[in-house]
Amino acid sequence: MRGYGGILKIGRCTTVPKEGDGEDEAEEEGEVEEEVPPLGGITEDPPVATFGEEEGAPPELPAWTFRTAQAEIKAYSVGIAMSNRWPGAYAGIAKYGDKQACIYLGWGQEQKGKDFTLESFPPILAESVETNEAVEVTSADENTLLKEIDEAVLAAQNAEGDEGDE
């Protein structure tokens, strides 16, 4: 199985191909971003935070927390991995490995440690003063307008028919 590369600072797994003669030209300019090693297993991820030697405190917060869901019926059990670095990131796999899913339901903010607090959101903008609300058209007015359009179309068709007879 081929391993996948890590994610570069530009948000891609590979550098952007340059238009021109080839890769030699881009490498000479020094614009090629250094490739990172392939992604490893999640057990190799460094811990999110290391706490002090306080009494009863865990020594560190691991990058991932694992649990099993639906353990009562073994055939339907699901293994779930929850990211502690990116709150809201979950991965799940069925017991027999034929089904898996990943989902992210977070705020897009990385947890840095025990003093983690979400950044405040920007204020909600006020409604535009230039907004003019349209007048509500009643169904009776709409029906009258549609009837006038139909009558105009029929009159035009009749006028064309009369000209064709002459």
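Here are a few things to note about the model shown:
- Hits in region 34-70 (condition: among the polar types (S, T, N, Q) and at pLDDT 80 or above): T65, T68, Q70
- In region 130-141, of all residues being in a loop (DSSP other than H, G, I, E, B) and modelled with pLDDT of 80 or more, the one that is nearest to the chain's Cα centre (by Cα) corresponds to A134.
- Qualifying residue in region 97-118 (condition: of a type in the set (A, V, I, L, M), exposed (fewer than 12 other Cβ atoms within 10 Å of the Cβ), in a loop (DSSP other than H, G, I, E, B) and at pLDDT below 80): yes
- Residue within region 71-84 that is modelled with pLDDT under 80 and either assigned to a loop (DSSP other than H, G, I, E, B) or surrounded by 10 or more Cβ atoms within 10 Å (Cβ to Cβ) (or both) present: yes
- P123 being out of contact with any helix residue (DSSP H, G or I) (no Cβ under 6 Å at 6 or more places or on another chain) and without any contact (Cβ under 8 Å) to a residue 24 or more places away in the chain: yes
- Applying the set (1) modelled with pLDDT of 70 or more; (2) touching a Gly at 6+ places or on another chain (Cβ under 8 Å) to A26 leaves exactly one unmet item: (1).
The values are calculated or read from the model by the stated rules, or taken from the named source; none is laboratory data. Quick caveat: nothing in here was measured; it's all calculated off a predicted structure. Don't worry about glycine lacking a Cβ; one is built from the backbone with ideal geometry, like all the others, and counts go over all protein chains shown.
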